[in-house]
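Have a look at the structure below before the remarks.
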Amino acid sequence: MLLCISAPDHPRALWEELLDALDAVSPLVDDVRPGLAFLDMRGIAGTPPEWMARTRAILAPLKVPLRLGAGDTKIAARAAAHFNDGTVCAAGRARALLAPLPLALVDVDRDTAERLRLLGIDRLGDLARLPHGPFVRRFGPQAARWHALANGIDRTPFVPRGHAVAIEAALFGEGRADDEAQVFFALRMLLARIATDLERCGKRAGTLALDLELEDAHTHRFEIPLASPTAQERAMLDVVRAKLEGVTFPAAIVGLRVRAGGLEEGGEALPLITGDDFDPQIVAVTIARLEAVLGATVRRARTRPAHVLEERFEYDRFEAPQRTAVAAPPAPELSEAIVPQLRLLTVAEIAVQVRRGEPAFVGDPPQAVLECAGPWRIELDGFPGEPLARDEYDVVIEDGRRCRIYHQGPHWYLRGLYD
Amino acid sequence: MAPLAPFPEPSPARREAFAALKAGLNQSAGAVPRLAAETVIPSAISTLDRALGGGFPRGALVTLEGNAGRWSLAARLLAQVTRGALAAIVDDGGLYPPGLVRAGVRLDRVLIAPATTALATARAADILLRSRACRLVLMSAPDLRAAVWSRLATLAHRAGVLLIAVVARAAAPLAAAATLRLDCALERLIFHGTRGLWCTFSGYQISMRVRKHQRAGGAAPAHARVRAATALDGAVERERTVTREPSSAFENYAHATVH
């Protein structure tokens, strides 16, 4: 027997609190979406009305309006809750209970519901009476699920909710820290506690969230990703220390909280270490240190298909690849040819003289163009009034330099040099 | 005192052996001794590797100088290194990643640290070398004091990381700290197709001269020629020789800051 709890339109945090409280009713809770959950009550003593009474008593402190229903399947329990709060759907009665209910109960999308309404079908009973084959052929594969649900047949599996493990350590009210040595001493103590808790739970942390509370009542939060999830105190301290390098605070620190996130099951598959193996943890510390010093994100480039030169690549945050992936057998040998590299320059206007429709002299003082490739026209999404296309050229000038220039509107620009 | 007996004339066989030894020594004087395989990163360009004694030495500060092909050669080394390890680029904003991909670089193994000032570049290189996380660190050479270059060279040596500085002409502090100085010069440009829309600049022939090589017994007069070519099917290949020295007309254009 399943118990349906319907409590729509509540914040996620409150819903999570409610789900945590439901653990006292049943250990198996299926969190379908915020506002809808099912409890598996098999093997739990009592009758459905008793279970509902117990649920209401446990959730009473949250002051959340609820609708409860019980049934053999999810759709039966949900129909019972929707039909009337506290209803119990007996075995084999689901179809009859569903008949007067609206189509929205089986999650029919709005467009399809409108189409069905125009066809005179606005209750689940009408839907259940339609012939299965023609209905599915007309409304697509998802219609088969709607039809089955309207008939009280629900094969949706029960997916128990995982229990979130909160591993955190905090230090407040123990005085104030004015220099970094005191802060790192306290951090080391907190990370030792975190490491012990992680070890106890058999977990590794993928991220650390560090909250620093200052004497002037401000709080600074640092999200610290760990390249390779770990439970080692030393590794975590290295990364935190690197992240805080060069950071100054306007007031003394009076509180610290460290929370481990991105928890994974413990145990890391380590290959035999050789001299050339890189350690993801070292990479993480390096990235944190670089970001602290440079004040910019350490990046990784990605290419993508695009017409415009500047849109053919983008950057995202660097994440160390898996050690095993890097240590895999290397790719085949490269050929002897090397590929010319374009070096981008800040776009700047350049003097160009045109002869017979081609750039003939470039720069100031002008240098004759020896070779010219192009133009390649690129359409742009410009602002109103701006030219919507530009013509790009590769030119070789007298002194051997290879330039990428382009012509947009009445002006010429230098975009880069080949090297 | 009796006079010394005259020194006996060597036999013809001994004379021939001596002449052969002398000729052999003269011949090997200009050759670069081969370095141990585990101490070099080969560029996989046979002529260049021969000139360098097997490849670019690990744990060294190397300068790529000249007017053409420096970044192309650097991209080639990146491609070699990222086949089995991580590499890093201290980027002054001029990086064009699609070009690296065409050169065979695995971008997911390249850590890009944006640094637009000389100080930031030096600090980034310092951190990267100390960490030993990457096998190759590539940077444009900013104007730094001799002590900074010396420290970076020492760090590269300790970490066993190849630090490559790309520069038009190394200033005295960099030239002194560098283990290897390689000068790249443009010889010919290679085009495919005729002029205009049907023409593409596909590469060039560059010559590389080893100006200094501490690990291979000083400045070896070694040359290597690299011909880059990305042939298009059916396209006519043309070459053009450029004789004039590059001017400083474009030196004032700053590298782009791409974020």
Enumeration of residues in region B:107-133 that are outside any helix (DSSP H, G or I), more than 8 Å from every other protein chain (Cβ to nearest Cβ) and buried (at least 21 other Cβ atoms within 10 Å of the Cβ): none
Some residue of region B:161-176 being among the small types (Gly, Ala, Ser) and facing chain A (nearest Cβ under 9 Å): no
Checklist (1) touching a helix residue (DSSP H, G or I) at 6+ places or on another chain (Cβ under 9 Å); (2) buried (at least 24 other Cβ atoms within 10 Å of the Cβ); (3) at the interface with another protein chain (Cβ under 9 Å from one of its Cβ atoms); (4) not β-branched (Val, Ile, Thr) applied to B:LEU138, failing item: (3)
Complete set of residues in region A:363-381 that are facing chain B (nearest Cβ under 9 Å), over 15 Å from A:ARG401 (Cα atoms) and surrounded by fewer than 17 Cβ atoms within 10 Å (Cβ to Cβ): A:TRP376
Boolean, A:ARG110 is of a type outside the set (S, T, N, Q), closer than 24 Å to A:ASP72 by Cβ and exposed (fewer than 14 other Cβ atoms within 10 Å of the Cβ): no
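Conditions (1) of a type in the set (D, E, K, R); (2) touching an Asp or Glu at 6+ places or on another chain (Cβ under 6 Å); (3) within 22 Å of A:LEU290 (Cβ to Cβ); (4) more than 10 Å from chain A (Cβ to nearest Cβ), marked per residue:
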position	(1), (2), (3), (4)
B:ILE41	no, no, no, yes
B:THR47	no, no, no, no
B:LEU52	no, no, no, yes
B:PHE56	no, no, no, yes
B:ARG83	yes, no, no, no
B:GLY93	no, no, yes, no
Test: B:ALA68 is within 8 Å of another protein chain (Cβ to nearest Cβ), touching a Leu at 6+ places or on another chain (Cβ under 6 Å) and more than 21 Å from B:VAL40 (Cβ to Cβ): yes
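Please find, within region B:1-60, the residue that is modelled with the lowest pLDDT out of those that are assigned to a loop (DSSP other than H, G, I, E, B), in contact with a Pro (Cβ under 7 Å, 6 or more places away or on another chain) and surrounded by 10 or more Cβ atoms within 10 Å (Cβ to Cβ).
Only one residue tops the list, namely B:LEU35.
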Residue among B:ARG34, B:ARG145 that alone is closer than 28 Å to A:ALA288 by Cα and without any contact (Cβ under 8 Å) to a residue 40 or more places away in the chain: B:ARG145
Spans of strands (runs of 3 or more DSSP E) in region A:260-362 with at least 1 residues more than 20 Å from A:GLY374 (Cα to Cα) and either at pLDDT 80 or above or within 10 Å of another protein chain (Cβ to nearest Cβ) (or both): A:299-303, A:313-317, A:342-349
Qualifying residue in region A:226-249 (condition: basic (Lys, Arg), touching a residue at least 40 places away in the same chain (Cβ under 8 Å), out of contact with any helix residue (DSSP H, G or I) (no Cβ under 7 Å at 6 or more places or on another chain) and crowded, with 19+ Cβ neighbours inside 10 Å): no
Residue in region A:282-303 that is over 30 Å from A:ARG234 (Cα atoms), out of contact with any helix residue (DSSP H, G or I) (no Cβ under 7 Å at 6 or more places or on another chain) and either of a type outside the set (Val, Ile, Thr) or in contact (Cβ under 8 Å) with a residue 60 or more places away in the chain (or both) present: no
Conditions (1) within 30 Å of the chain's Cα centre (by Cα); (2) modelled with pLDDT of 85 or more; (3) closer than 30 Å to A:PRO100 by Cβ; number of the one not met by A:ASP154: (1)
Test set (1) free of Cβ contacts under 8 Å to residues at least 40 places away in the same chain; (2) in contact with a Gly (Cβ under 9 Å, 6 or more places away or on another chain); (3) not small (Gly, Ala, Ser) - B:HIS157 fails condition number: (1)
Qualifying helices (runs of 4 or more DSSP H) (wholly inside region A:73-186; at least 3 residues being touching a Ser or Thr at 6+ places or on another chain (Cβ under 6 Å)): A:74-83
Positions within region A:30-72 being of a type in the set (D, E, K, R), part of a loop (DSSP other than H, G, I, E, B) and loosely packed, with under 14 Cβ neighbours inside 10 Å, in sequence order: A:ARG42, A:LYS63
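Do we have B:THR200 as more than 26 Å from A:VAL396 (Cα to Cα) and free of Cβ contacts under 8 Å to residues at least 40 places away in the same chain here?
Values: more than 26 Å from A:VAL396 (Cα to Cα): no; free of Cβ contacts under 8 Å to residues at least 40 places away in the same chain: yes.
In short, no.
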Hey, B:ALA175 under 30 Å from B:SER150 (Cβ atoms), modelled with pLDDT of 80 or more and assigned to a strand (DSSP E or B) or not: no
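The values are calculated or read from the model by the stated rules, or taken from the named source; none is laboratory data. These figures come from a predicted structure and were not determined experimentally. Reconstructed Cβ throughout: ideal geometry from the backbone, glycine too, with neighbour counts over all protein chains shown.
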